[in-house]
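Read the figures in this text as sums done on the coordinates, not as results from a lab. These numbers come from a predicted model, not from an experiment. Neighbour counts run over all protein chains shown; Cβ positions are idealised from the backbone, glycine included.
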Amino acid sequence: MSFSILSVAIRSEHDTVAARQRARQIARLLGFDQQDQTRISTAVSEIARNAFNYAGGGRVEYRVEGRSAPQLFLIKVTDSGPGIANLMSILDGGYESQTGMGLGILGARRLMDHFQIESIPGTGTTVSLKKLLPRRAPLIQESDVARIAGTLAQETPQNAFQELQLQNRELLRVLEEVRARQVELTRLNRELEDTNRGVVALYAELDEKADHLRRADELKSKFLSNMSHEFRSPLNSILALSRLMLDGVDGQLNSEQVQQAGYIRKAANDLLELVNDLLDLAKVEAGKIEIKPLEFTAANLFAALRGMLRPLLLNQSIDLVFDDVEQIPPIYSDEGKVSQILRNFISNALKFTESGEVRVSAALGANRDVIFSVADTGIGIAEENLELIFEDFTQVDGPIQRRVKGTGLGLPLSKKLTTLLGGEVQVRSEVGRGSTFSLQIPLRYRDAEELPSLLEPEVIIDRLSVPVLIVEDSPEMVLLYRNFLAGSGFQPLFASTTREAEMILERTSPGAIVLDIVLRSEDAWVFLAGLTTEARTKNIPVLVASTLEDQAKAYHLGASEYLSKPIDRSALISRLRTVLGLISCRQLLIIDDDESYRYLIRQQLRGCGLHVTEASNGLQGIRQACEDKPDGIILDLNMPGMTGFEVLERLKAEHATENIPVVVCTSRILSDSERLQLTGKASAILNKQGLDHNSVMHALGLTLAGTGVAATTV
């Protein structure tokens, strides 16, 4: 939608002053700040003066474009003069003018968000100056235009002297701002130099301390690992020997000896538990714990835990209850690590609960995660100790703790393992009422999936395809684009944000850009304006695909094409080929003696906008190719009378058909010599077995785009 605000004729020098004044007044009424008002009025003044000086006059029109925010302030300056003969040289900055015309055009272009100039010798020149309205500016409606026009009518235009005074004041204000910024910059530079010297010294000290800490940490991890391994052998021997003694293999022990052997065995078990925990901690801190995700069910996990932990349930006053978890969907994570964490929670609950129950349950969270909970009716933990229990070798003091003292490593280890799984541990407790420990992890272990999002998006260009950058944040649309472009000769490069798109554009130059305007809280209009004005991207055609119905605004900001969602495959590919200047295949000739295969290929190409003709033998095919000169040929090799090899030789020998690309489509198993014979003549080779739409379109897309490789099997 477009709103016309005012039109000013330029017939005299005074009119150029009036055009500048009106530009400033309208910019102020539209919500631009003082700096932007000065930029806009200065740019209009330069172009209007050019129209008066070089064309003898013209007209300045002020408009507002767009239905949605931010709208576009458009100033169009037209004249009927002789045109600009050296326009391209001026825009490239290489033209030297004695009158300064080129400097005015370049200056105006730098001051505006978007600048467009069209000049035809003998016809005249049209200059479009565009600037996006500020974010805070209200949406301009038709009623607002009438109000703005009324306000302008009440504001008396100033004479040239008053305008000159105003320009001088603006210049003085800008000079004062520049001077103040220069003073501030000088001060900041001095502070930065002092800070840099301090930072360099601090970094040197930190590097030295970090090196000491790193070596100490490595030594600690190495010591813990070696110590744990060395302790395990004698501990296992003690446990085995004590078991023999208690079993009376070499004679029965008296009651005192049984008690003593029991104490030895318990001490050895406690020490082995400590050694195992120390070894796991050492592995975590050294980064040697490997997560091995596999799919498992909560029901099977609970069944295994029930079997492992029943022997620990020595107190008949405690019930160990596992809830039904059949409703939990399959989990993709490290089952061993999840089991280890829950075992720690359950064994602690059994230790510190004298009566009641320990209940193990699982539920789905709100963010596609699963929450395992272990709730007990035990002694509980005071609020001030809830963080303390996750510190290494720490236990809360109390009567039960002194009686069943553990290693103090189970909960710290569980928390570190949970972090590796991409989850978190939570605890709720009340003294005398019990505790609930919760393990919250993603349903699917996503460490491997999240890692690439922290890095720059990987871009691998297929040299046989035309890369197309698609800026789209909807997973459904991404899948749709991927299917649409499969086998089309275009390679999609996906970016979900404008920042990702900029990173891709820094490392590659796509043939075209498909841009969705409605991205997550991002201003894609500003991104579009930047694409079409920056030197690095201004020559890349941009196809806007959006649910917004604001085509005029998109075209004003430089879009090459506009597609309204939902879009279809043929429209997308057709527009891409149009903006890239690729000649689409209007006519395709199929040379094959098998009628069923000709029909099959026609069906595969249905809906692609191609005119398909057929020939049932080699001589007929050569004759049709010479008469019709199709854009492409699909050729079978096994034909009676004249084989496909002979047809191909004749086609490449005839002047009328030598440049027509040929795709060989055969069920024949080619020998090395036959494949060599096709090299340099066939653009691609298709196998009739398993022939489908994607393979046909991929071969034709590469061939007809001029990127086909001789004798490439598709």
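This model, with +1 at the C-beta of Lys and Arg and -1 at the C-beta of Asp and Glu, gives segment 323-369 a dipole about its Cα centre of some 200 debye. Applying the criteria of a DSSP loop state and at most 12 other Cβ atoms within 10 Å to the trypsin sites (Lys or Arg not before Pro) of segment 505-545 yields Arg520, Arg536, Lys538.
Counting alpha carbon pairs within less than 8 Å and at least 6 residues apart, what relative contact order, in whole percent, applies to segment 2-157? Result for segment 2-157 is 28 percent.
Once the Cα-Cα distance is subtracted from the 0.36 nm per residue extended length, the Gln259 to Glu658 segment shows a gain of 133.6 nm. Between Val199 and Val145, the simple label model (points 7 Å from Cα in the Cβ direction) yields a spacing of 5.2 nm. Each label was represented as a point 7 Å from its Cα along the Cα-to-Cβ direction; for Leu563 and Glu627 these points are 3.7 nm apart.
Once you order the gyration tensor axes a ≥ b ≥ c over the Cα atoms, which shape class does segment 599-662 get: rounded for a/c under 1.5, otherwise prolate or oblate by comparing a/b with b/c? Oblate shape, in that a/c is at least 1.5 and b/c is the bigger or equal ratio. Once the Cβ-Cβ distance of Asn189 and Val518 is raised to the sixth power relative to R0 = 60 Å, the FRET efficiency obtained is 0.90.
Under the classification rounded if a/c is under 1.5, otherwise prolate if a/b is larger than b/c and oblate if not, where does segment 2-157 fall, given a ≥ b ≥ c as square roots of the Cα gyration tensor eigenvalues?
Prolate.
If the chain linking Ser7 and Ala85 were pulled fully straight, counting 0.36 nm for each residue of separation and taking away their Cα-Cα distance, it would gain 25.4 nm.
How high is the FRET efficiency between Asp319 and Ala69 when r is their beta carbon distance and R₀ equals 60 Å, given to the nearest 0.05? It comes to 0.45.
Calculated FRET efficiency, Asp672 and Lys292, Cβ-Cβ r, R0 41 Å, to nearest 0.05?
Calculated transfer efficiency: 0.35.
Pairs to check: Lys209/Lys292; Lys565/Lys681; Lys131/Lys565; Lys538/Lys565; Lys538/Lys652. Give those whose C-alpha atoms are more than 30 Å from each other in this structure.
Lys209/Lys292; Lys565/Lys681; Lys538/Lys652
Using a ≥ b ≥ c from the Cα gyration tensor of segment 497-562 (square roots of the eigenvalues), is it rounded, prolate or oblate, where a/c under 1.5 gives rounded and otherwise the larger of a/b and b/c decides, a/b for prolate? Oblate shape, in that a/c is at least 1.5 and b/c is the bigger or equal ratio.
Taking amide H positions as modeled 1.01 Å from N, with prolines and chain starts lacking one, the residues under 5 Å from Glu357 and 5 or more places away or on another chain are Asp319, Thr377. Normalised by the number of residues in segment 552-673, the average gap of Cα pairs under 8 Å and 6 or more apart makes the relative contact order 22 percent.
For Ala512, the residues 5 or more places off, or on other chains, whose built amide H falls under 5 Å of its own are Leu469. Here the 3J(HN,Hα) profile of segment 344-360, calculated from phi with Karplus coefficients 6.51, -1.76 and 1.60 at θ = phi - 60°, is 4, 4, 5, 5, 4, 4, 5, 5, 9, 10, 8, 7, x, 8, 10, 10, 10 Hz, Gly and Pro shown as x. Residue-wise HN-Hα couplings along segment 45-60, as the Karplus relation 6.51 cos²θ - 1.76 cosθ + 1.60 with θ = phi - 60° gives them from phi, are 4, 5, 6, 5, 5, 4, 4, 6, 6, 9, 10, x, x, x, 8, 10 Hz; Gly and Pro carry x.
Taking amide H as placed 1.01 Å from N in the peptide plane, Leu519 has its amide H under 5 Å from the amide H of Ala524, each at least 5 places away in sequence or on another chain.
Model label sites at His212 and Glu118, defined 7 Å from Cα along the beta-carbon direction, differ in position by 7.4 nm.
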